[in-house]
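Take a look at the structure set out below.
The values are calculated or read from the model by the stated rules, or taken from the named source; none is laboratory data. Just so you know, these numbers come straight off a predicted model, no measurement behind them. Every residue, glycine as well, gets a Cβ built from its backbone with ideal geometry; the counts of neighbours run over all protein chains shown. Accessible surface is based on the protein model in full, side chains and every heavy atom, while ligands, DNA and RNA are left aside. Shrake-Rupley method; radii C 1.70, N 1.55, O 1.52, S 1.80 Å.
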Amino acid sequence: MADRRTLLEAVIRMGKHMPQNPDMAFFLGFLAGNLDRLHFVRSLEGAPVAIHLSAGRRHIWPGPMFDAKVRQVPVPMPGMLVSALVENDDPICVHVALDDPLEAAFFEPLTVDSYDDVRPGRQDSLRERVNDLHHRIDQALDIYRECRHLLEANEGEDEKRLRFFLGLAQDEIEGLSQQLKHLNVRLRERDTRESRPEG
């Protein structure tokens, strides 16, 4: 399993090869804010969220550069996909086809065979969901700090993209913190109910 820094670098690398438009930037920013859900796969078979990206200087594939399905329903635009993904917690499986051998080689060690390799277990309990949110907030903080570090170390064409990811990480931290607040309230209410004496 790739670490968060490597996954963030993978998203940034993808951004360099994909169309430079706000819709795609929004989608890549969402991926950068949800690295815990992101998985690169060789086969999209069985994946509830299946995304195929084809990119490079010599785009020779007959199909579109962006092709996505959520539970077998085609989603034609990156922005629409983000709207669909915020409604669930499914793993995000991405198959990347790049014509640059060096770039393709970068993604190879990050790639697993299929969704079966990342399939989640049973539905989490309320307390496990709280623990998961703590973990996701820690990840978002790591991404925020990494973007700040990269911004300080680099100037030029990546600065705008890094600032975009930095803002998304900040939004992600705020959103997850709000979710955590609500779940903690529910957890306290449940614990209070369970601790009351019967009768």
Determine whether Met1 is open to solvent by 50 Å² or more (accessible area, probe 1.4 Å) and either at pLDDT 85 or above or not in a strand (DSSP E or B) (or both). yes
Which ones in region 71-114 are out of contact with any Leu (no Cβ under 8 Å at 6 or more places or on another chain), farther than 17 Å from Gly29 by Cα, hydrophobic (A, V, I, L, M, F, W, C) and touching a residue at least 40 places away in the same chain (Cβ under 8 Å)? Leu98, Phe106, Val112
Top-ranked residue of region 10-21 - restricted to ones that are open to solvent by 40 Å² or more (accessible area, probe 1.4 Å) and in contact (Cβ under 8 Å) with a residue 40 or more places away in the chain, ranked as farthest from Asp67 (Cα to Cα): Arg13
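Each row is one residue, and each column tells you yes or no for (1) of a type outside the set (Val, Ile, Thr); (2) over 15 Å from the mean Cα position of the chain (by Cα).
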{"site": "Thr6", "(1), (2)": "no, no"}
{"site": "Ala32", "(1), (2)": "yes, no"}
{"site": "Asp67", "(1), (2)": "yes, yes"}
{"site": "Val75", "(1), (2)": "no, yes"}
{"site": "Ser83", "(1), (2)": "yes, no"}
{"site": "Asp89", "(1), (2)": "yes, no"}
{"site": "Leu98", "(1), (2)": "yes, yes"}
Residues that are of a type outside the set (D, E, K, R) and assigned to a helix (DSSP H, G or I): does region 89-100 have at least one? no
Anything in region 161-190 that is surrounded by fewer than 12 Cβ atoms within 10 Å (Cβ to Cβ) and either modelled with pLDDT under 80 or not charged (D, E, K, R) (or both)? List them, or say none. Gln178, His182, Val185, Arg188, Glu189
Among the numbered criteria (1) open to solvent by less than 30 Å² (accessible area, probe 1.4 Å); (2) modelled with pLDDT of 80 or more, which single criterion is violated by Leu102? (1)
Which residues, counting only those in region 105-117, are open to solvent by less than 60 Å² (accessible area, probe 1.4 Å) and either within 16 Å of Ser43 (Cβ to Cβ) or in contact with a Ser or Thr (Cβ under 6 Å, 6 or more places away or on another chain) (or both)? Phe107, Leu110, Thr111, Val112, Ser114, Tyr115
Here are some conditions: (1) open to solvent by 30 Å² or more (accessible area, probe 1.4 Å); (2) modelled with pLDDT of 80 or more; (3) more than 14 Å from the chain's Cα centre (by Cα). Leu133 meets all but one. Which one does it not meet? (1)
If you check Ala153 against the conditions, is it modelled with pLDDT of 80 or more and either touching a His at 6+ places or on another chain (Cβ under 8 Å) or under 30 Å from Asp23 (Cα atoms) (or both)? no
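Taking the criterion of being open to solvent by 30 Å² or more (accessible area, probe 1.4 Å), of a type in the set (A, V, I, L, M), over 23 Å from Glu172 (Cβ atoms) and at pLDDT 90 or above, would at least one residue in region 46-65 satisfy it?
No, there is no match, as no residue in region 46-65 is open to solvent by 30 Å² or more (accessible area, probe 1.4 Å), of a type in the set (A, V, I, L, M), over 23 Å from Glu172 (Cβ atoms) and at pLDDT 90 or above.
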Those residues of region 32-45 which are out of contact with any helix residue (DSSP H, G or I) (no Cβ under 6 Å at 6 or more places or on another chain), open to solvent by 10 Å² or more (accessible area, probe 1.4 Å) and either more than 30 Å from Arg163 (Cα to Cα) or assigned to a loop (DSSP other than H, G, I, E, B) (or both), in sequence order: Arg37, Arg42, Ser43, Leu44, Glu45
